[in-house]
Amino acid sequence: MRTLHSPSATHEPHDRPRSPEAHGGTAVRNGPLAIIEFDGEGHNTFSTDKMRGITELVWQLGDTPDVEGLVLYGGDGRSFGVGGDFNEVKDFTGGSEVNRWIDACVDMYRAVLSISKPTVAVIDKYCIGIGLQLALCADWRIGTSTSDLRMPELKLGISCILGAPLLQRRVGPAVANRMIIGCDRWLGTTALSDGLLDELVAAHSDPLAAGCTRAQALAEYQSVPFARTKAFVNHDLLLDMERARIAAIAGHRAGFAAGDAAQQKMRTIVGDNP
């Protein structure tokens, strides 16, 4: 197996975001597949630099001719992702740092939505906030009985603008509203029945192996019909995400600038020390 690290050393079109110092994940080749395992430890948080690195790695693998499918993976025994890096976000004041953060989020989502190859998200343990939004960008989501999916932004004192179009397009307005406004959690079987997951692996099964099996099956479709279908399915969502980018930047800048309520929420989670 061959291992790649973000960022890419290959040429990419100029309209794609580049982050020469960002490291977001490691890609391990598994035959015609590439498994992107996110950098970090524990439950996986997504800093601005980490998201930039993942974005570049997705584009790189999408442009690699002998890669036929991608698997997004939090790592053995680790959560898929628990949202933004609170140690970063707790210090936001509503300035240009918010633009960089939101741009990194949307650019990462766009990469997964836009590449022509099939993408499978393997979700174990927590899948929260940015983690869930990233998973919703994938073509297929596999979970386990311990998968715990949430969109708790409002409860944490920040807006949930980017999550809205992803949830509305993927699972419909009813589930989207319950998840965004209620801030409740969806566990494995409920997440499957409500469409947040497409497949649930049996207890004691290997979710990564199941993810690779599914990615391989999708990769066996004829590439041109798959790519054209994916582009059509995701076209309106990509337009929605650009509108959400503008609204999210404005909303988060206003929220963080209005006072320290959001920062205090973050500090209750991470403590006073960075």
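The values are calculated or read from the model by the stated rules, or taken from the named source; none is laboratory data. Keep in mind that this is a model prediction, so the values were computed, not measured. FYI the Cβ positions are ideal-geometry reconstructions off the backbone, even for glycines, and counts take in every protein chain you see. Accessible surface is based on the protein model in full, side chains and every heavy atom, while ligands, DNA and RNA are left aside. Shrake-Rupley method; radii C 1.70, N 1.55, O 1.52, S 1.80 Å.
Taken as a whole, the structure leaves residue 104 outside the set of residues that are closer than 23 Å to residue 67 by Cα and open to solvent by less than 10 Å² (accessible area, probe 1.4 Å).
Within the range 21-55, the residues that satisfy the criterion of being among the small types (Gly, Ala, Ser) and open to solvent by 10 Å² or more (accessible area, probe 1.4 Å) are 31, 40, 42, 47.
Selection within the range 107-131: residues that are part of a helix (DSSP H, G or I) and of a type in the set (Val, Ile, Thr). The member of this set that is surrounded by the fewest Cβ atoms within 10 Å (Cβ to Cβ) is 112. Residues considered: 77, 83. Of these, the only one that is over 10 Å from the mean Cα position of the chain (by Cα) and either closer than 15 Å to residue 186 by Cα or of a type outside the set (Asp, Glu) (or both) is 77.
When the criteria are applied in full, residue 159 meets the requirement of being hydroxyl-bearing (Ser, Thr, Tyr), surrounded by fewer than 22 Cβ atoms within 10 Å (Cβ to Cβ), more than 12 Å from residue 191 (Cβ to Cβ) and more than 14 Å from the chain's Cα centre (by Cα).
Answer yes or no: is there a residue in the range 139-148 that is under 17 Å from residue 215 (Cβ atoms) and under 10 Å from the mean Cα position of the chain (by Cα). Working first, answer last.
Pass one, the range 139-148, residues under 17 Å from residue 215 (Cβ atoms): 139-144.
Now restrict to residues that are under 10 Å from the mean Cα position of the chain (by Cα): none.
Among the residues of the range 139-148, not one is under 17 Å from residue 215 (Cβ atoms) and under 10 Å from the mean Cα position of the chain (by Cα), which makes the answer no.
For the range 115-135, how many residues are farther than 18 Å from residue 244 by Cβ and among the hydrophobic types (A, V, I, L, M, F, W, C)? So that I can check it myself, show each step before the final result.
From the range 115-135, those farther than 18 Å from residue 244 by Cβ are 115-128; that's our starting set.
Cutting the leftovers down to among the hydrophobic types (A, V, I, L, M, F, W, C) gives us 115, 120-123, 127-128.
Residues in the range 115-135 being farther than 18 Å from residue 244 by Cβ and among the hydrophobic types (A, V, I, L, M, F, W, C): 7 in total.
Taking the range 56-81 as the range and being open to solvent by 30 Å² or more (accessible area, probe 1.4 Å), farther than 17 Å from residue 227 by Cα and in contact with a helix residue (DSSP H, G or I) (Cβ under 9 Å, 6 or more places away or on another chain) as the test, only 76 passes.
To keep it simple, each residue is scored yes or no on (1) within 19 Å of residue 46 (Cβ to Cβ); (2) touching a Lys or Arg at 6+ places or on another chain (Cβ under 7 Å).
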| residue | (1), (2) |
| --- | --- |
| 108 | yes, no |
| 113 | yes, no |
| 118 | no, no |
| 123 | yes, yes |
| 133 | yes, no |
| 165 | yes, no |
| 169 | no, no |
| 172 | no, no |
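How do the strands (runs of 3 or more DSSP E) wholly within the range 1-99 filter down when requiring 3 or more residues that are at pLDDT below 85 and of a type outside the set (Lys, Arg): which remain? First the steps, then the outcome.
Details: elements: 3-5, 25-30, 33-38, 69-73.
The strands (runs of 3 or more DSSP E) meeting that bar are 3-5.
Determine, yes or no, whether residue 197 is modelled with pLDDT of 95 or more and more than 18 Å from the chain's Cα centre (by Cα). So that I can check it myself, show each step before the final result.
Working: modelled with pLDDT of 95 or more: yes; more than 18 Å from the chain's Cα centre (by Cα): no.
When the stated conditions are applied, residue 197 does not pass them.
Where helices (runs of 4 or more DSSP H) sit wholly within the range 132-215, those with at least 1 residues that are more than 30 Å from residue 29 (Cα to Cα), touching an Asp or Glu at 6+ places or on another chain (Cβ under 8 Å) and touching a residue at least 40 places away in the same chain (Cβ under 8 Å) occupy 163-171. Here the condition is being in contact with a Lys or Arg (Cβ under 6 Å, 6 or more places away or on another chain) and under 21 Å from residue 150 (Cα atoms); of 197, 187, 192, it holds for 197 alone.
Please name all residue pairs, on different chains or six or more residues apart, with Cβ atoms under 6 Å, provided the first residue is in the range 42-58 and is in contact (Cβ under 8 Å) with a residue 24 or more places away in the chain and more than 8 Å from residue 23 (Cα to Cα) and the second residue is part of a strand (DSSP E or B) and open to solvent by 30 Å² or more (accessible area, probe 1.4 Å). If the second residue must be part of a strand (DSSP E or B) and open to solvent by 30 Å² or more (accessible area, probe 1.4 Å), the pairs left are 43/126.
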